[in-house]
Amino acid sequence: MAAKKASVRVVVGPALPNIPWEDRPANCDEVIWRSERNPIIPRNLIPCSNSIFNSAVVPYQGKFAGVFRVDDRRRHMRLHAGFSDDGVAWKINHEPLSFIPDNPRVKELGKFEYGYDPRVVKIGDRYWVNWCNCYHGPTIGVAYTRDFKKFYQLENAYLPYNRNGVMFPRKINGKYVMMSRPSDTGHTPFGDIFMSESPDMVHWGCHRHVMSRGEDFAPLKVGAGPIPIETKEGWLMIFHGVLQSCSGFVYSFGACILDLDQPWKVKYRAAPYLISPQKLYECVGDVPNVTFPCAALVDSATNRMALYYGGADTVTCLAFAYVDQMLEWVKKNAK
Ligand code: BMA
């Protein structure tokens, strides 16, 4: 696949000329390629951190901000805000963020137990944060911020147990829309992606099945990754898929295209993975053999994508692709 300048605009969204970027290496023939600087965030970036991974970044005030999964050295799972001028070098707050109840009833949820695998999306003037929140087991937490300093928490979206809550970046047919994966209390040996709608980010319903595990590199479970990318072909959705080998779970990620107006309809699902654990920083760490994508930055003017993923539940990594080439790759490799 030749290095190229993007010609046709396929991404619906703003131009973001300053997202991280590295050209495809001359000897690389893949649709996606890893950063030479990986891992871009080491496990010990801040004093309390055992590991920093599976984290979400967005454009913010001409630069970048994010919500990071930091497991501290007690091995408590926490969320920290962070900031970056270039999307590669990050300053992550040393203290975890704490949520302010958006209304008095949210206090009934009790104290924060743990949070992990955040996603962030800007809709209107709010940056919405979803994460795996403990309420008698994992479910999907909902909060918003305008400044990455004060975070206001709403009700959990669903009953436990649930993981991988991922919003679409705009209302669809007048409703907020979120994907999620209903699960059990543990490291679920099963799981399909569903989606739900809400008029107000509090009450979620009209649940629809989106995509099943059980195929190709994902026989055990699938989960939505970054916020889906709106394109002329549909929503480009990058998802993680899990298989079980003789020595444990293997987390790879792949891509599919969802219908724009009825996003529970999968138009194309590529059979091969985009990235599987192959580099040392993906295979060696607290949980070996995990690549777990949580965020993507896209420049609509060039079709460039910078994709953030966790490596081995320990470090944060970057990969690059052109959205138009990825759409073609998904279609070509769909069954
Ligand atoms: C999932 C979550 C992720 C993690 C993955 C692999 O259930 O805990 O944060 O990356 O397992 O350990």
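Quick rundown of the values:
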quantity: Test: residue in the range 271-280 that is part of a strand (DSSP E or B), within 16 Å of the ligand (Cβ to nearest atom), among the small types (Gly, Ala, Ser) and modelled with pLDDT of 95 or more; calculated: no
quantity: Filtered residue count, the range 103-120, keeping only those that are part of a helix (DSSP H, G or I) and either within 16 Å of the ligand (Cβ to nearest atom) or more than 17 Å from Tyr152 (Cβ to Cβ) (or both); calculated: 0
quantity: Tyr281 surrounded by 18 or more Cβ atoms within 10 Å (Cβ to Cβ) and over 23 Å from Leu327 (Cα atoms); calculated: yes
quantity: Of all residues making up the range 287-318, the number that are assigned to a strand (DSSP E or B) and within 16 Å of the ligand (Cβ to nearest atom); calculated: 14
quantity: Residue among Gly62, Gly87 that is small (Gly, Ala, Ser) and touching a Leu at 6+ places or on another chain (Cβ under 9 Å); calculated: Gly87
quantity: Test: Asp313 is acidic (Asp, Glu) and more than 15 Å from the chain's Cα centre (by Cα); calculated: no
quantity: Per-region count, the range 156-197, residues part of a loop (DSSP other than H, G, I, E, B) and open to solvent by less than 60 Å² (accessible area, probe 1.4 Å); calculated: 13
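Here is a yes/no grid of residues against (1) crowded, with 22+ Cβ neighbours inside 10 Å; (2) in contact with a Lys or Arg (Cβ under 9 Å, 6 or more places away or on another chain); (3) in contact (Cβ under 8 Å) with a residue 24 or more places away in the chain:
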| residue | (1), (2), (3) |
| --- | --- |
| Pro199 | no, yes, yes |
| His203 | no, no, no |
| His207 | no, no, no |
| Asp216 | no, yes, yes |
| Gly223 | yes, yes, yes |
| Gly234 | yes, yes, yes |
| Ile238 | yes, no, yes |
| Cys246 | no, no, no |
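The values are calculated or read from the model by the stated rules, or taken from the named source; none is laboratory data. Please read all numbers here as calculations on a predicted model, not as lab measurements. For neighbour counting, all protein chains shown are included, and Cβ atoms are generated from backbone atoms with ideal geometry for every residue, glycine included. SASA here: full protein model, heavy atoms, side chains in, ligands and nucleic acids out. Shrake-Rupley method; radii C 1.70, N 1.55, O 1.52, S 1.80 Å.
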